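The values are calculated or read from the model by the stated rules, or taken from the named source; none is laboratory data. Computed from a prediction, not measured in an experiment: that's the story for all the values here. A quick note on method: Cβ atoms are made from the backbone with ideal geometry, for glycine too, and the neighbour counts reach across all protein chains shown. Side chains are part of the model used for accessible areas, which takes the heavy atoms of the whole protein and leaves out ligands, DNA and RNA. Shrake-Rupley method; radii C 1.70, N 1.55, O 1.52, S 1.80 Å.
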Amino acid sequence: MSHKILLIIPAYNESQGIKKTIDKVKNYISESKYNIDYIVINDGSTDDEQEILEKNKINNIELINNLGIGGAVQTGYLYAMKSNYDIAVQFDGDGQHDIESLNNLIDPIIKNQADFTVGSRFIEDSTSDFKSSVARQLGIKLLSSLIKSLTKFEIKDVTSGYRAANQKVIKQFVERYPSKYPEPESYIYLLANNIRVKEVGVKMFERETGTSSISFLNSVSYMVNVSLSIIFGFYIQRNIKRNK
């Protein structure tokens, strides 16, 4: 059976690099053994991104207002569910994710070894030379330790946006998807609901254009806020399970 796979590509003010990213995606799709489509979610961009998407006939959904990374990606999951895709893959529009690593990401789902996979720079089979800044790596390790202490499950690259979901997870994310810190927060929800999560090695690059949706300029504030969100989410999910 040929799995229908959708690349969800959130993009905010990525006019400088979105065409280059999509050209790489299209080239990969043309040579792939898989049945792959893509959709760009233009998250209320204020530059000329929409004009570039339309001029180059790039499949897209234009959001009138900026919803943030959580809302943009959830829009993609809704599109994937309504279009009956088997697997949805989050893929950044800024050139940071290596499309050639897609096989690594989706294979465990196709083989029914996982419901959800996360592309990682920090496990042994990763070929990624780019690991992010020292400050970001420290923040990632702290969040990873927090999630492990709460769930007993270790995810090393907790802020990675290169992730894949099967239909079960797609439906759950349509119903509930964190808006502010979607990557680290979502693991609490997934693990609490017995979703099989697998971390796989991928290659990533330093972003070529645009601005990160996660700002570490105020690193202390970020770490406090996301840590509190993770802790609150954990106890909310635990109470839900107790009351069932």
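Restricting VAL158, VAL118 to residues that are over 28 Å from GLN50 (Cβ atoms) and in contact with a strand residue (DSSP E or B) (Cβ under 6 Å, 6 or more places away or on another chain) narrows the list to VAL118.
The single residue among LYS168, LYS198 that is within 24 Å of TYR85 (Cα to Cα), of a type in the set (D, E, K, R) and part of a helix (DSSP H, G or I) turns out to be LYS168. Scanning segment 137-181 for residues that are of a type in the set (Lys, Arg) and open to solvent by 70 Å² or more (accessible area, probe 1.4 Å) yields LYS141, LYS148, LYS152, LYS156, LYS168, LYS171, ARG176, LYS180.
Checked against (1) open to solvent by 40 Å² or more (accessible area, probe 1.4 Å); (2) under 21 Å from LEU142 (Cβ atoms); (3) modelled with pLDDT of 80 or more, ILE236 passes all but a single condition, namely (2). A search for C-beta distances below 8 Å between a residue of segment 221-244 that is more than 16 Å from PRO182 (Cα to Cα) and any residue that is assigned to a helix (DSSP H, G or I) and at pLDDT 85 or above, counting only pairs 6+ apart in sequence or on different chains, returns ARG238/ALA192; ILE240/ALA192; LYS241/ALA192. Looking at segment 55-76 only, could you name the residues that are among the hydrophobic types (A, V, I, L, M, F, W, C) and either surrounded by fewer than 16 Cβ atoms within 10 Å (Cβ to Cβ) or in a loop (DSSP other than H, G, I, E, B) (or both)? Listed by number, the residues that qualify are ILE58, ILE64, LEU67.
Note on segment 4-33: residues that are surrounded by fewer than 15 Cβ atoms within 10 Å (Cβ to Cβ), not in a helix (DSSP H, G or I) and not charged (D, E, K, R) amount to 1. Candidates in segment 203-233 are the residues that are exposed (fewer than 13 other Cβ atoms within 10 Å of the Cβ) and more than 22 Å from PHE91 (Cβ to Cβ); of these, the one that is modelled with the lowest pLDDT is LEU217.
For segment 126-141, the condition of being in contact with a Leu (Cβ under 6 Å, 6 or more places away or on another chain) and aromatic (Phe, Trp, Tyr) holds for none of the residues.
Just one of the numbered conditions (1) β-branched (Val, Ile, Thr); (2) closer than 25 Å to TYR177 by Cα; (3) open to solvent by less than 40 Å² (accessible area, probe 1.4 Å) is not true of ILE52: (2). Each residue in segment 36-57 was checked for being over 17 Å from VAL73 (Cβ atoms) and within 20 Å of the chain's Cα centre (by Cα), and 1 pass.
The lone criterion from (1) open to solvent by 40 Å² or more (accessible area, probe 1.4 Å); (2) of a type outside the set (Val, Ile, Thr); (3) over 20 Å from TYR181 (Cα atoms) left unmet by TYR38 is number (1).
A search for C-beta distances below 6 Å between a residue of segment 48-62 that is in contact (Cβ under 8 Å) with a residue 24 or more places away in the chain and any residue that is open to solvent by less than 50 Å² (accessible area, probe 1.4 Å) and of a type in the set (Gly, Ala, Ser), counting only pairs 6+ apart in sequence or on different chains, returns ASP48/SER15; GLU49/SER15; ILE52/SER15. Might you check whether a residue that is over 14 Å from TYR162 (Cα atoms) and part of a helix (DSSP H, G or I) occurs anywhere in segment 34-45? No, segment 34-45 has no match at all. Quick one: would you say ASP94 is buried (at least 20 other Cβ atoms within 10 Å of the Cβ), more than 24 Å from SER229 (Cα to Cα), modelled with pLDDT under 95 and among the acidic types (Asp, Glu)? Answer is yes for this residue.
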